[in-house]
1. Jot down the radius of gyration and Dmax of region 313-380, Cα atoms only, both in angstrom.
2. Which order, highest average first, do 164-170, 88-94 follow once you tally other Cβ atoms within 10 Å for each residue and take the mean per peptide?
3. Counting alpha carbon pairs within less than 8 Å and at least 6 residues apart, what relative contact order, in whole percent, applies to region 122-194?
4. Let me know the number of lysine pairs in region 1-62 closer than 19 Å at the Cα, not counting same-chain pairs under 8 apart.
5. Taking Rh as the Kirkwood radius computed over C-alpha pairs, what is the Stokes-Einstein D of region 199-318 at 20 °C in a medium of viscosity 1.002 mPa s, expressed in µm² per second?
6. Give me the percent of DSSP beta bridges within the chain that run antiparallel, rounded to the nearest 5.
7. Report the local net charge at residue 161: Lys and Arg +1, Asp and Glu -1, summed over other residues whose C-beta lies under 14 Å from its C-beta.
8. Rolling a 1.4 angstrom probe over the protein heavy atoms, how many square angstrom per residue are accessible across the chain?
Amino acid sequence: MKYGIDNIDKYLYLFKNKRAGLLTSNNALNKEYISSIDILKEKINIAKLFGAEHGVRGDRSAGEYIDSYIDSQTGLTVYSLYRKDGKRFTAEMLEDIDIVVYDIADIGVRYYTFISTLHNAIIDCAKYGKQLVILDRPNPLGCNMIDGNVLNIDYKSFVGTYSIPIRHSLTVGEFALLINTEEKINCDIKIVTCTGLGKKTIFTDTDRMWIMPSPNIPTFDTALAYVGTCLFEGTNISEGRGTTAPFQIIGADFIDGEKLTKELNNKDLKGVIFTPTYFKPTASKFQNLLCGGAHIHITNYSEYESFKVGLNILETIKNMYPQEYKILPPPKENKKPFISLLIGNSDLENNDWTSESLLNKYNNELNQFSKIRDKYRLYI
């Protein structure tokens, strides 16, 4: 299998006599694990670098705002698209380049902010008359299974940029085509496609090593679990940040790990088992406090229903600990709670929901989205 960067030589005509800006990250590598920055710097005229959350070298923490800086490896200026004063291109950033190149390995999850940056790039390239060339990469979670719910556009945010499911089953190239057409943006987009990619291919079917897209997604299993357990970021329950297994360890200082695990295993959820765990996070919630909880072990990738698992864990904890469990208040006054921005609706704001009722409700949303998604498939 070849990714977009591996096929770049077939598309060099796009860059003839043009100055390019490269929007990229640390996990944008070719099949020999050489950085796309280094590859493209030798083949085309790269004048600027642009960085999303975590920066072009993956050396910035989640949520850390980044100012422009000089990349020590290339001497090029890195213009941040994750600044305190904004997450968009400015006219000045784009005034002396002809093409924006996008090459970032995504994880196929709506919350993950790289596709929000891409969405903004599509709008801004159209606004300023710049061509956008996307070096496509496989969706590590595959282009077959969708999961979760479709975002209510009233809950649009940087962790939910468009009305797609949480596990959206699109490559970034397919996502760009969908956004450009459905929103009638009319950006001049060219996709450098992958070869040898099928819609059912997941990361474990490839011959590549997992390169962490950000510090808290260290493995493929983490990325798959994250579809469901990122929801805990909107609660007072630890999602495992500050442990060796973020998004696979869930707990709090008031939880009995043995009791929680017994309840979860009794649910007979497919493709997963839970073991009790006790941990002291080195950062984030409950830092340096002893917590109890459950460790998620995925036993079958094709059977595992990540969003269902995440909802069931959340439901079990709220039912077992109704006095202690809380959703976090809105990050800003008069704004929506973060858990509502994550799930893309208000369904989790009150504690009277059940996982069964929500999953039944969301099933029709997923069916409707699948019809839209199929119009933009690049890989069969």
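1. 16.0, 49
2. Going from most to least packed, we get 164-170, 88-94.
3. After rounding, I find 49 percent.
4. 15
5. The estimated diffusion coefficient comes to 148 µm²/s.
6. Counting only bridges with both partners in the chain, antiparallel ones make up about 50 percent.
7. -2
8. Solvent-accessible surface per residue comes out at 42 Å².
The values are calculated or read from the model by the stated rules, or taken from the named source; none is laboratory data. This one's a predicted model, so the numbers in the text were calculated from it and none came from an experiment. Note that each Cβ is placed from the backbone with ideal geometry, even for glycine, and that neighbours are counted across all protein chains shown. To get the accessible areas, we keep the full protein, side chains included, count just its heavy atoms, and leave off ligands, DNA and RNA. Shrake-Rupley method; radii C 1.70, N 1.55, O 1.52, S 1.80 Å.
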